[in-house]
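Written out below as structure tokens is the structure these notes cover.
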Amino acid sequence: MDTNEIKADFGTGYLDKRVLVPRWRGPIPALVNLLLISILFYASWWIFMDPRGLMRMYTPYVGYMYSRWLLVTLIWVAYIFAFWPFKRAWLVKTHPVVKGIILTAFTWLILMVLIKGLFNGFLGHLSMAYFSPEELQKIGITDFYAWEYSSQAIVMFAAIASWLSPAWVVAAEEAPWQNMTQPARGFSIWIITFFLSTLIFFVTMHPHMGILYYPWQYFTSIAPPWWENFADTVSGNFSIGWIMCCTVVVWIYETIWERYPFCLIRNDTLRRLSAFFGIILISLALAALLYFGQELIWGEAIRGTRRDFAPDWRWLHVGEMAIFWMLPALWINIFHNNAVNRFSTPVNAFIRTIISIVAAVALYWLYYKTAHLFLGVQKGFSHPQQFPMIPTIWFICMMLINFWFMDGWPGWSMKQESVSKTAVATDKARSEVKWSPTFGVSLVIGVIVGVGLYFLLIYALPALGDWLTIYSE
Amino acid sequence: MTIKDKGISRRDFVRGTVTGVGVGVFAAAGFYSYSPWRNQLFPKIARKQADIGVCKSVKVTNISETSWFDNGLLISDIKKAGGLLVNQYSLNWPPFGDGQGLAKGSYEAGINKIKHLLPDRLDEAWALIEQNCVHTDNPGGFSCLVEIEDMEGEIHKILFDTGWSYKWMEESYKREGIDKMLANNEIEMLFVTHEHFDHFWGLPVTMKYNPNIPIMIPDTFYPEGKQYIKDSGHKGQLTEIGNGLNKIMPGVASFKFDVPIICRVFGEQDIFVNVKDLGLVSITGCCHQGIIKFAEAAYRELKYEKDTLYGLYGGLHISPFEDWDPKYDDLVISLGKYGFEKIGCNHCTGIVTAKKFIETGYPVVEGTARFRSKDKAYLGNGDTIEFRAPV
């Protein structure tokens with residue numbers, strides 16, 4: 001390993017160049033880690049979230065705010081700041097458990113400074129009252145809803161940040177600051193992603209907050225919001241839906257797709273732009289598909305109604321369904337080394353996608369069938385207190401803490417190598433997939449087959465929905 | 001001709017094809033899934049047109065719509081207890097208190113303190129409740145008297161929910177003469193919309209005056225709720241109603257939904273009344289399923305006069321704690337499409353919602369704001385509303 005890299009760059013490339021060696025053969029490491037993560041998840045769920053537990057933050061928005069921002073700050077610490085200010089030598093030598101505790105505490109500290117300092121304090125008291133429960137109570141909102149509303153505003157910001165923060169690393173490849181050392185690189189990316197998050201918040205979420213209070217705040221936000229006619233609702237859940245899909249697709253692209261297909265583009269600028277905006281287009285298509293799927297299984301949404309027939313909930317559920325895909329995809333990547341590696345990159349990615357979607361459907365079914373029995377959440381799909389994004393994101397956070405901060409301990413041990421896994425995957429994809437007439441013809445055939453598969457799926461969905469019925473009303 | 005004959009690499013072909021499949025699926029999803037073309041895949045709504053008969057009129061007397069008197073206090077309790085999902089029987093709210101404090105109780109611990117006094121010695125029971133429960137001055141309750149006039153002119157009375165506080169409900173029953181109606185067997189049944197504290201926990205007050213009254217509950221009551229019916233001294237027929245339509249008497253039917261509700265409650269049933277030459281009237285407890293879903297259920301399932309959704313009475317569960325969410329604006333904006341001609345809302349509808357209805361120009365029947373009801377924007381305690389075709 002380059003000595004300068006160790007001294008100067010803290011954890012730059014640490015995750016990419018790290019090799020995790022399983023301690024035991026077969027599925028044992030994954031099972032052991034599943035057990036550990038499940039214990040961590042359930043213990044912390046009971047302490048922080050569970051309505052029957054200690055702190056009972058699943059109100060639900062207070063808990064949602066913390067789980068969502070925990071995910072974002074984990075991404076900041078590991079991906080954007082590459083563990084700065086922790087030295088690389090410390091990362092390499094410290095026992096994973098010690099490292100996990102210290103880095104998680106560090107992440108939680110950032111989280112608290114952000115929520116209490118920036119949102120509740122600075123912005124809430126000096127700018128927009130809806131970020132501060134205290135300010136809302138001063139103008140007559142009950143204590144409970146003051147916390148719920150302010151947490152909702154803060155979590156909406158997190159939804160955007162949890163898409164843009166990893167997207168700038170994964171899709172934009174940290175450009176144009178990729179050659180800077182930490183912390184300058186981290187702060188540069190953090191500032192641009194925070195700035196973009198702010199702009200998108202103003203456009204996609206601020207109009208929601210503007211009509212959350214009576215009367216509508218016509219002088220401070222566009223009311224009704226601009227998306228009303230398109231989305232069939234004035235609720236900001238419309239934006240939550242497609243933005244959640246962006247978050248999920250970023251991670252699908254980074255993990256089980258190994259940055260395929262945009263990694264084939266050799267021109268750096270073109271590749272980064274294509275990946276960044278391609279992820280958005282794929283996410284919009286995914287959001288539309290997931291919304292349509294609900295219409296096909298449950299019937300058309302009816303504006304003004306509540307719960308599972310309300311367009312606003314359907315958009316929210318788009319994001320919830322997407323998260324159910326993210327969890328198995330991450331699991332396959334993290335604890336099964338992407339599971340399918342014997343074929344070419346596109347074939348591997350294709351098979352992994354199928355596996356992860358099947359696992360997501362199974363997880364979805366299992367969650368709604370059983371979650372109310374052990375998580376203290378409400379039974380049913382659409383109750384305002386049924387937020388599957390909270391436990392799924394909380395579980396993902398536990399996985400990432402184990403994988404990023406603890407090097408997969410106890411199932412895996414870590415050794416550092418100098419080879420970038422991303423570079424290797426990109427080289428592999430480029431060597432396997434080259435433009436040729438054959439490739440062009442097969443691509444066209446594939447597109448036709450893909451369109452056919454799509455129509456097959458949507459014609460089959462009503463029957464599949466009946467087959468997988470979880471609750472009947 | 002095979003692929004091999006043309007000199008095409010099988011591997012290239014597979015790689016291109018799977019890439020194309022991905023592009024094709026997402027492209028089709030993006031272009032078609034939210035396009036107007038998708039509408040052709042939705043089945044046409046088949047109206048079942050079930051005939052529940054007709055009645056001449058329906059009158060509703062609001063016994064109590066004030067389920068609690070201080071929103072801040074109720075929500076503060078819920079928040080401190082752990083949020084809106086905490087089991088209502090564990091809250092240590094009246095009457096199920098064991099003196100251990102907020103959210104530390106249970107049905108068994110609470111009922112054991114007062115069971116021996118139910119249903120006749122309610123004053124003594126309430127004195128114990130005041131010692132063992134939190135915030136005993138806050139509960140009120142939801143209950144109304146529904147009077148159906150059949151086509152022969154006979155009046156059938158249904159007690160629609162039974163409130164919460166023993167003290168408040170006894171006072172309210174006496175104010176509206178319900179105690180005497182119960183004692184005289186004038187009321188044919190107690191219809192419980194759902195298991196929530198403010199609609200159901202006042203049950204011993206009804207039992208005090210008529211323990212033999214038939215009771216109809218949703219089949220999603222928890223064991224605690226069913227035990228409470230027994231512990232309250234009920235001796236009459238208990239009927240558990242499953243999902244969907246259930247005819248009660250000519251012109252009257254209930255409809256039950258499996259709907260998750262706060263405080264771990266599940267399922268609600270409400271009533272449709274088909275009034276001759278007028279249209280359909282919906283009477284709801286909290287309408288947790290949503291008034292538009294309820295109206296859509298009527299449209300799909302029932303045949304009703306003039307094919308008109310004429311009237312509404314009851315809680316519409318929009319902003320029960322005077323909270324708001326933009327999705328409620330979707331309801332305010334959309335309700336006009338259903339053509340209701342007379343809206344008597346209160347209780348969990350929320351004052352903000354009633355004001356928005358009035359501002360939007362909906363035919364809201366305003367109230368008198370008596371007996372601790374807070375605002376004239378909706379029908380308050382002691383107010384009545386009648387749905388009858390003009391002669």
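The values are calculated or read from the model by the stated rules, or taken from the named source; none is laboratory data. As the structure is a computational prediction, the values presented were derived from the model and not from experiment. Every residue, glycine as well, gets a Cβ built from its backbone with ideal geometry; the counts of neighbours run over all protein chains shown.
Below, the figures for the structure above:
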| read-out | value |
| --- | --- |
| Every residue from the stretch A:424-439 that is more than 7 Å from every other protein chain (Cβ to nearest Cβ), of a type outside the set (Phe, Trp, Tyr) and free of Cβ contacts under 8 Å to residues at least 12 places away in the same chain | A:Val424, A:Asp427, A:Ser431, A:Lys434, A:Pro437 |
| Of the criteria (1) touching a strand residue (DSSP E or B) at 6+ places or on another chain (Cβ under 7 Å); (2) more than 18 Å from B:Leu117 (Cβ to Cβ), which one B:Met169 fails | (2) |
| Residue match in the stretch A:261-272 (condition: touching a Ser or Thr at 6+ places or on another chain (Cβ under 9 Å) and within 10 Å of chain B (Cβ to nearest Cβ)) | yes |
| Which numbered condition B:Ala81 fails, given (1) more than 9 Å from chain A (Cβ to nearest Cβ); (2) crowded, with 23+ Cβ neighbours inside 10 Å; (3) touching a Ser or Thr at 6+ places or on another chain (Cβ under 8 Å) | (1) |
| Residue within the stretch A:440-457 that is on the phi > 0 side of the Ramachandran plot, more than 7 Å from chain B (Cβ to nearest Cβ), out of contact with any Asp or Glu (no Cβ under 6 Å at 6 or more places or on another chain) and modelled with pLDDT of 90 or more present | no |
| Residues being of a type in the set (A, V, I, L, M), over 19 Å from B:Leu379 (Cα atoms), surrounded by 24 or more Cβ atoms within 10 Å (Cβ to Cβ) and within 14 Å of another protein chain (Cβ to nearest Cβ) - total across the stretch B:262-291 | 1 |
| Cβ pairs under 9 Å, 6+ apart, first in the stretch B:37-56 and under 16 Å from B:Ile271 (Cα atoms), second modelled with pLDDT of 95 or more and of a type in the set (Phe, Trp, Tyr) | B:Ile52/B:Phe272; B:Ile52/B:Tyr304; B:Val54/B:Tyr304 |
| Criterion: within 14 Å of chain B (Cβ to nearest Cβ) and over 30 Å from A:Ile191 (Cβ atoms) - qualifying residue of A:Tyr58, A:Tyr66 | A:Tyr58 |
| Sole residue being at positive phi and either surrounded by fewer than 20 Cβ atoms within 10 Å (Cβ to Cβ) or in contact (Cβ under 8 Å) with a residue 60 or more places away in the chain (or both), chosen from B:His116, B:His135 | B:His135 |
| From the options A:Ser38, A:Ser132, A:Ser67, residue that is of a type outside the set (A, V, I, L, M, F, W, C) and surrounded by fewer than 19 Cβ atoms within 10 Å (Cβ to Cβ) | A:Ser38 |
| A:Met55 vs. criteria in the same structural domain as A:Cys246 (by TED's automatic domain parsing) and either among the hydroxyl-bearing types (Ser, Thr, Tyr) or surrounded by 18 or more Cβ atoms within 10 Å (Cβ to Cβ) (or both) | no |
| Verdict on A:Leu91 being assigned to a helix (DSSP H, G or I) and either among the hydrophobic types (A, V, I, L, M, F, W, C) or at pLDDT below 90 (or both) | yes |
| Hits in the stretch A:429-439 - residues which are modelled with pLDDT of 90 or more and surrounded by fewer than 17 Cβ atoms within 10 Å (Cβ to Cβ) | A:Arg430, A:Ser431 |
| Residue ranges of helices (runs of 4 or more DSSP H) in the stretch A:221-313 with at least 3 members of a type in the set (D, E, K, R) | A:268-298 |
| Those residues of the stretch B:233-261 which are closer than 24 Å to B:Lys276 by Cβ, crowded, with 21+ Cβ neighbours inside 10 Å and within 14 Å of chain A (Cβ to nearest Cβ), in sequence order | B:Phe255 |
| Answer from A:Met414, A:Met399 - the residue that is more than 14 Å from chain B (Cβ to nearest Cβ), farther than 26 Å from A:Phe324 by Cβ and not in a loop (DSSP other than H, G, I, E, B) | A:Met414 |
| Criterion (free of Cβ contacts under 8 Å to residues at least 60 places away in the same chain and either in contact with a Leu (Cβ under 9 Å, 6 or more places away or on another chain) or of a type in the set (S, T, N, Q) (or both)) met by exactly one of B:Ile241, B:Ile292, B:Ile262 | B:Ile292 |
| Residues of the stretch B:158-215 classified as surrounded by fewer than 19 Cβ atoms within 10 Å (Cβ to Cβ), among the small types (Gly, Ala, Ser) and in contact (Cβ under 8 Å) with a residue 24 or more places away in the chain, total | 1 |
| Failed criterion for A:Asp143 (all others in (1) over 24 Å from the mean Cα position of the chain (by Cα); (2) under 29 Å from A:Trp226 (Cα atoms) hold) | (2) |
| Filter pass, A:Leu91 being farther than 25 Å from A:Leu327 by Cα and crowded, with 22+ Cβ neighbours inside 10 Å | yes |
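Residue by residue, here is whether (1) more than 19 Å from A:Thr353 (Cβ to Cβ); (2) of a type in the set (Val, Ile, Thr) holds:
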residue: A:Ile252; (1), (2): no, yes
residue: A:Thr255; (1), (2): no, yes
residue: A:Ile265; (1), (2): yes, yes
residue: A:Thr269; (1), (2): yes, yes
residue: A:Phe277; (1), (2): yes, no
residue: A:Ala288; (1), (2): no, no
residue: A:Ile302; (1), (2): yes, yes
residue: A:Arg307; (1), (2): yes, no
residue: A:Asp312; (1), (2): yes, no
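Quick grid of which residues meet (1) part of a strand (DSSP E or B); (2) under 23 Å from A:Thr142 (Cβ atoms):
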| residue | (1), (2) |
| --- | --- |
| B:Gln289 | no, no |
| B:Tyr313 | yes, no |
| B:Phe321 | no, yes |
| B:Asp329 | no, yes |
| B:Ile333 | no, no |
| B:Ile343 | yes, no |
